[in-house]
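Computed from the coordinates by the stated procedures, all read-outs in this text should not be read as laboratory data. Just so it is clear, the model here is predicted, and its values are computed rather than measured. Methodologically, a virtual Cβ is constructed for each residue, glycine included, from the backbone with ideal geometry; neighbour enumeration extends over all protein chains shown.
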Amino acid sequence: MYVTLTDGRVVTAALTTRLLAATKAQRDQGVVEDFGTGLRWEEIDEDVGVNYVLGVPEDELEAFAGFSNQLPRK
């Protein structure tokens, strides 16, 4: 999948198992949710977070965004 971020960068991520199994029409029904941090496909019951698209663990992204008191160790 290709996702355009608000700063204009286009990032790619592999389709999930459910998205691979879906028809093109079903994949075309994706919507942006959660204040721009998630993608949702209602008909196939699939959710993809921005962390997946960026290839980082969810807790690391939350820490970077200030939802945690410390950044995860590397």
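Counting only Cβ charges, +1 for Lys and Arg and -1 for Asp and Glu, the dipole size of the chain around its Cα centre is about 360 debye. Placing unit charges on each Cβ (+1 for Lys and Arg, -1 for Asp and Glu) gives the chain a dipole about its Cα centre, and among Gly30, Met1, Phe67 the Cα reaching farthest toward its positive end belongs to Met1. Per residue, the average separation of C-alpha pairs within less than 8 Å and at least 6 apart gives the chain a relative contact order of 19 percent.
The P(r) of the chain has a tail past 20 Å containing 35 percent of all C-alpha pairs. Pick from Arg18, Arg40, Arg27: which residue has the top mean-square fluctuation in a GNM of the chain where Cα pairs under 10 Å get a spring? Among Arg18, Arg40, Arg27, the largest mean-square fluctuation in the Gaussian network model of the chain belongs to Arg18.
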